[in-house]
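Reading through the structure tokens given below for one structure.
The values are calculated or read from the model by the stated rules, or taken from the named source; none is laboratory data. Computed from a predicted model, the values in this text were never measured in an experiment. Backbone-built Cβ (ideal geometry, glycine too); neighbour counts: all protein chains shown. Side chains are part of the model used for accessible areas, which takes the heavy atoms of the whole protein and leaves out ligands, DNA and RNA. Shrake-Rupley method; radii C 1.70, N 1.55, O 1.52, S 1.80 Å.
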Amino acid sequence: MADEPLDASPAAATPDAPAVSAPAPVPASARAAAASPVLRPRRESFEHGLLPIPKLVIPEGTLTQTLGQLKGKLAASGSGRVGAAALAEALQIPAEQAALALGTLAAVLPGDDDPALAAGEADLRDVILFLYIQSYKRLVPRAHKDSPSVADVWPSTSAFDGYLSALSPIQLVRSNSRRFMPSQADEEAHQLSYLQKHMANILTLLADSVDGEGDESMVLTMETFEHLGFLLQFSEGTPLSQAAPFFANSDPDMPAAPVPATQIHDWILQNIASSLEYTAEKSTTKENSQQNVSDPDVTMADAGTNTRIHSSSSTGASVQNSPGYYRNTSFVEAISKTSVVKKGSDIKGHSMKVLNCHDSVIYILAPLKYATVYGCSDTTVVFGAVGKVIKVEHCERVQIIAASKRICIANCRECIFYLGVNQQPLIVGDNHKLQVAPFNTYYPQLGEHLAQVGVDPNINKWDQPFVLGVVDPHDSLSHPAGVSDVQAESATCLDPDLFTNFLIPSWFEAEGLTKYNPFTLPEVYWASQKKKSSSLEDIQKNIRELDLDDNRKKELACVLHAQFKDWLYASGNIRQLYCLQGE
């Protein structure tokens with residue numbers, strides 16, 4: 001998946017530029033779309049807002065009728081707000097699942113956190129939209145010529161190949177049907193097509209009934225219309241109500257009159273059609289062009305060099321600062337046997353994706369809203385502060401070190417999660433041999449970043465996983481293991497004797513007040529650390545007190561170094577040593 005702006009126009013040629021084939025002409029409709037904001041789906045709602053709870057996934061044939069009846073029940077209180085108890089009763093689900101649904105909704109709503117959501121309540125209109133998209137089916141991953149080949153970066157065999165009847169995460173992603181991630185354009189077109197198909201029903205559920213005949217009897221106020229921002233947004237960040245001609249330039253002291261739902265429906269469908277046409281034409285233009293927009297993040301070409309540590313600060317700005325750059329997402333993709341660091345200045349936007357990486361160490365030392373780790377193996381990923389949610393999916397033998405409000409773990413094996421999380425870790429899908437442990441690192445700006453995104457270091461629910469079924473009903477490719485009501489495997493707590501602190505190198509001498517891990521270690525882990533420190537001091541003291549000649553001292557040093565080197569390779573920490581040497 002190349003990290004390039006979907007809205008960016010081809011770079012202009014210069015007299016000194018090397019000769020290249022002329023790009024294909026850009027169609028007039030594409031030029032017009034590029035000159036004005038383009039309607040896009042809110043990816044966060046579809047990527048982080050779907051839950052594999054069977055009773056939330058309503059069949060399409062009865063979706064509108066069922067949600068209409070549900071809206072009537074939930075609106076009976078007259079407050080326009082929905083709490084976990086009311087949602088649980090209306091859907092006939094356990095209270096903890098209803099609370100999870102409202103928490104997930106809070107994590108994917110646009111804008112800042114709603115104080116009412118912190119109290120466990122949500123706006124009824126947002127709840128209806130959230131429940132509606134639970135019927136969405138993700139796009140089936142398919143081969144895409146711009147995506148790096150998984151086989152290029154992953155080992156040819158997995159430790160689980162042929163071991164279990166069910167496909168392991170890497171086998172599943174490496175198989176023909178999941179060889180590549182869908183491109184950004186493919187996913188967004190799929191989401192837009194879904195909204196195009198269902199928009200009439202969505203507007204019917206949001207609309208208010210007034211006196212009138214036919215199409216004029218269902219209307220939407222400007223306030224209700226703005227709730228569609230949960231599903232749709234414009235590429236330039238223009239609010240929906242300002243872009244819509246029927247609500248634009250409304251006087252705040254004199255709210256605009258309600259607008260017929262049919263008029264809003266026509267306007268949205270027109271914008272969706274224009275966006276889909278523009279995306280399709282741009283894709284065709286790109287395929288016919290000989291120009292190649294490089295990925296500003298680490299690519300396979302970078303990973304093949306001898307450089308041990310990569311930072312994109314010198315190259316990442318050219319594309320991401322383009323007027324057409326709208327996605328607010330940065331990528332680290334398809335790296336192998338490499339270390340990568342991303343600081344705040346390297347990341348343009350609020351989201352980070354780490355995709356298809358192997359045997360690497362990746363440091364994301366910046367405040368984010370969303371993060372995704374997909375298809376990685378034998379890799380350590382450090383996230384400094386994520387204010388909404390992290391999702392880790394289809395990974396093997398990865399270590400995730402993360403401070404976040406929420407984390408979702410899906411279809412992973414032999415992974416260890418060192419967590420500082422304010423909400424229970426959500427575990428879904430087919431997972432095996434997962435371990436969780438308390439957060440174990442810091443860097444100078446960590447405290448500032450936690451405060452910036454709203455993560456509270458005084459609350460850590462790392463050891464309270466919330467486990468759901470092994471099949472994700474939103475996935476177009478159902479996993480072969482089990483059925484939706486089978487309980488997924490949970491995670492075990494890491495043995496305190498195996499717990500170690502993780503040292504982040506200070507490459508850039510960043511200033512900050514954080515001098516230690518801001519999350520308090522549980523007593524059993526703290527005692528283990530003290531015991532190890534005491535043992536190390538005893539060993540050092542005994543070595544100093546040994547009465548050895550110079551030759552024997554050299555022999556002892558060689559033995560210790562050899563044992564340490566063996567441990568580095570066996571534990572996978574050799575990559576971390578390279579990072580420390582690179583300071």
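Assess whether Ile335 counts as being over 15 Å from Leu365 (Cβ atoms) and either modelled with pLDDT of 90 or more or among the β-branched types (Val, Ile, Thr) (or both). Outline the logic, then answer.
Details: over 15 Å from Leu365 (Cβ atoms): yes; either modelled with pLDDT of 90 or more or among the β-branched types (Val, Ile, Thr) (or both): yes.
Considered against the rule, which asks whether it is over 15 Å from Leu365 (Cβ atoms) and either modelled with pLDDT of 90 or more or among the β-branched types (Val, Ile, Thr) (or both), Ile335 comes out as yes.
Looking only at region 410-438, which residues are among the hydrophobic types (A, V, I, L, M, F, W, C) and closer than 25 Å to Gly49 by Cα? Walk me through how you get there before you give the answer.
Applying the first criterion (among the hydrophobic types (A, V, I, L, M, F, W, C)) to region 410-438 yields 410, 412, 415-417, 419, 421, 426-428, 434, 436-437.
Answer for region 410-438, where residues must be among the hydrophobic types (A, V, I, L, M, F, W, C) and closer than 25 Å to Gly49 by Cα: Ala410, Cys412, Cys415, Ile416, Phe417, Leu419, Val421, Leu426, Ile427, Val428, Leu434, Val436.
Mind listing whichever residues of region 345-372 are touching a residue at least 60 places away in the same chain (Cβ under 8 Å) and either more than 17 Å from the chain's Cα centre (by Cα) or closer than 20 Å to Leu446 by Cβ (or both)?
Ser351, His358, Asp359, Ser360, Val361, Tyr363, Leu365, Ala366, Pro367, Leu368, Lys369, Tyr370
Would you pick out the residues in region 192-204 that are closer than 18 Å to Ile128 by Cα and buried (at least 18 other Cβ atoms within 10 Å of the Cβ)? I'd like the intermediate steps shown before the answer.
Here is the first cut: in region 192-204, the residues closer than 18 Å to Ile128 by Cα are 194-204.
Tyr194, Leu195, His198, Met199, Ile202, Leu203 - these are the residues of region 192-204 that are closer than 18 Å to Ile128 by Cα and buried (at least 18 other Cβ atoms within 10 Å of the Cβ).
Within region 512-534, identify whether any single residue is modelled with pLDDT under 80 and either open to solvent by 80 Å² or more (accessible area, probe 1.4 Å) or polar (S, T, N, Q) (or both), and answer yes or no.
At the first step, the residues of region 512-534 found to be modelled with pLDDT under 80 are 532-534.
Applying the additional criterion that residues be either open to solvent by 80 Å² or more (accessible area, probe 1.4 Å) or polar (S, T, N, Q) (or both) yields 533-534.
Within region 512-534 (the criterion being modelled with pLDDT under 80 and either open to solvent by 80 Å² or more (accessible area, probe 1.4 Å) or polar (S, T, N, Q) (or both)), the answer is yes, since at least one residue qualifies.
Which count do you get for residues in region 358-398 that are hydrophobic (A, V, I, L, M, F, W, C) and under 18 Å from Asn517 (Cα atoms)? Full working, then the answer.
First, the residues of region 358-398 that are hydrophobic (A, V, I, L, M, F, W, C): 361-362, 364-366, 368, 371, 373, 376, 381-383, 385-386, 389-390, 392, 395, 398.
Next, from what is left, pick out any that are under 18 Å from Asn517 (Cα atoms): 364-366, 381-383, 385-386.
Of the residues in region 358-398, 8 are hydrophobic (A, V, I, L, M, F, W, C) and under 18 Å from Asn517 (Cα atoms).
Determine which single condition Leu105 fails, assuming it passes every other condition in (1) of a type outside the set (Asp, Glu); (2) touching a Phe, Trp or Tyr at 6+ places or on another chain (Cβ under 6 Å); (3) not in a helix (DSSP H, G or I).
(3)
I'm checking my understanding of the structure. Among residues of region 256-278 that are within 13 Å of Gln196 (Cα to Cα) and among the hydroxyl-bearing types (Ser, Thr, Tyr), which one is least open to solvent (accessible area, probe 1.4 Å)?
Ser275
Let me spell it out: the conditions are (1) at pLDDT 70 or above; (2) assigned to a helix (DSSP H, G or I); (3) exposed (fewer than 10 other Cβ atoms within 10 Å of the Cβ); (4) not basic (Lys, Arg), and Ala570 meets all of them except one. Which number is the exception?
If we test Ala570 against (1) at pLDDT 70 or above; (2) assigned to a helix (DSSP H, G or I); (3) exposed (fewer than 10 other Cβ atoms within 10 Å of the Cβ); (4) not basic (Lys, Arg), just (1) comes out false.
So which residues in region 103-124 are open to solvent by less than 50 Å² (accessible area, probe 1.4 Å) and at pLDDT 70 or above? Outline the logic, then answer.
Step one: list which residues in region 103-124 are open to solvent by less than 50 Å² (accessible area, probe 1.4 Å), which gives 103-109, 111, 116-117, 120, 122-124.
The answer is Gly103, Thr104, Leu105, Ala106, Ala107, Val108, Leu109, Gly111, Gly120, Ala122, Asp123, Leu124.
When region 35-46 is examined, which residues are found to be surrounded by fewer than 19 Cβ atoms within 10 Å (Cβ to Cβ) and assigned to a helix (DSSP H, G or I)?
Ala35
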